[in-house]
Amino acid sequence: MRIREVSLALVVVGALGLAACAPSGKWTWVRDLPASADFSGDYLISAGDVISVRVVNQDSMSTKAKVRNDGRVALPLLGDVEVRGKKPASVRAELEARLKEFIVAPSVTVTASTDGAKPGTVVVIS
């Protein structure tokens, strides 16, 4: 009788384990996303936003700063840079162009968030 109870318990545990592994929704694979997807959206940086600028392999030039009321942020080597009213992607392009004076092939990531909230836009260039 004891073997029968143990066997039944193992069957129940196994069935519950399989049920827990069942898919719960529709999956979307990266390869199925549209090639022209623009993840930056229409988000424009404004005063009070916090932007994070990361220059790949140049940690001393990377920074996180709050956009001042005049729409500018202070960045290492570049000084004050106007970012208000621009998309993070255009800020990234501008910074990469300006950093070519100091770095051979700069690669910049710009992340913008509002008052410490989750990032609104992330642009990664490899």
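Here, each number is a calculation from the coordinates, and none is a lab measurement. Keep in mind the model is a prediction, meaning the values are calculated, not measured. Cβ sites come from the backbone with ideal geometry, for glycine too, and all protein chains shown count toward neighbours.
Taking a cut-off of 13 Å between Cα atoms, list the aspartates and glutamates near Lys86, but don't count ones fewer than 8 places away on the same chain.
Lys86 reaches Asp42, Asp49, Glu94.
Hey, rough spin-label estimate for Ala74 and Phe102, points 7 angstrom out along Cα→Cβ, what's it come to in nanometres?
Roughly 1.4 nm, to one decimal.
For a footprinting-style exposure proxy, rank Arg4, Arg54, Arg68 by other Cβ within 10 Å, fewest first.
Lowest count first: Arg4, Arg68, Arg54.
Tell me, Ser46, Ser113, Ser60 in order of fewest to most beta-carbon neighbours within 10 Å?
Ser60, Ser46, Ser113
Provide Asp32, Asp70 in ascending order of the number of other Cβ atoms located within 10 Å of each residue's Cβ, fewest first.
Ranking Asp32, Asp70 by Cβ neighbours within 10 Å, fewest first, gives Asp32, Asp70.
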